[in-house]
Amino acid sequence: MDTGNRKWLLVISIPAIMCILLIIFFSACEPSTNMPPWGRGECSRTVPSYILWISIVLMILVIVPVSYYLLSKRVDEKLERNMKIISKIINKGNSISKETPKKITEKNIILKFLNKSEKKVLEKLIENRGTALQSEISRMEGMTTLKTHRTVKDMERKGIVKIEAHGKTNRIILMKDIKDFMLK
């Protein structure tokens, strides 16, 4: 998530927090009007039901954007860390020791950072020399239209693929640097 969206979430949340505080302040300071004059000394405060509903709605307007803001920040940091590791592996070249019992290649290491559906999409793209239609990918076993859409969007955010409109579907294109590395 980019910083512009995060700023909008904060712009929405801050006025909502201020409204909640105002509602709490004025409802706590307002004495009940149906009390007799001799009982106002130990005035018990009551909150009207509509104030309760308004504060619940405002709390939702605060909690949802703030939690989304915090979670998206963590996801972006984790994604950035993983991409740094992958780029280090790519830049390192053939420095993996030959003494390992199983033959480990750079391609296998990179594939470990992708989830199951991302691996399927990447395999389809490699099979088709770096390009495929999104509708073709969604017809693969274990993939749905929604799952394909989300997977491709995640891969685009990671910088693995590029999405281009192609009629009623999208053309998914493997980024040049990834294509050169995976198809060599």
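The values are calculated or read from the model by the stated rules, or taken from the named source; none is laboratory data. Computed from a predicted model, the values in this text were never measured in an experiment. Virtual Cβ from ideal backbone geometry, glycine too; neighbours counted across all protein chains shown.
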In region 126-152, what residues are over 19 Å from G167 (Cβ atoms) and touching a strand residue (DSSP E or B) at 6+ places or on another chain (Cβ under 8 Å)? I126, G130
Give just the number: which of (1) modelled with pLDDT of 90 or more; (2) assigned to a helix (DSSP H, G or I) does I173 not satisfy? (2)
Identify all residues within region 114-157 that are among the hydrophobic types (A, V, I, L, M, F, W, C), farther than 16 Å from I173 by Cβ and modelled with pLDDT of 90 or more; write none if there are none. M140, M143, L146
Can you tell me which of (1) at negative phi; (2) in the same structural domain as D177 (by TED's automatic domain parsing); (3) modelled with pLDDT of 75 or more is the one N82 doesn't meet? (2)
Candidates I178, I137 - the one that is in a helix (DSSP H, G or I) and in contact with a helix residue (DSSP H, G or I) (Cβ under 6 Å, 6 or more places away or on another chain): I137
Complete set of residues in region 160-175 that are farther than 16 Å from E123 by Cα and either in contact with a helix residue (DSSP H, G or I) (Cβ under 9 Å, 6 or more places away or on another chain) or not acidic (D, E) (or both): I163, A165, H166, G167, K168, T169, N170
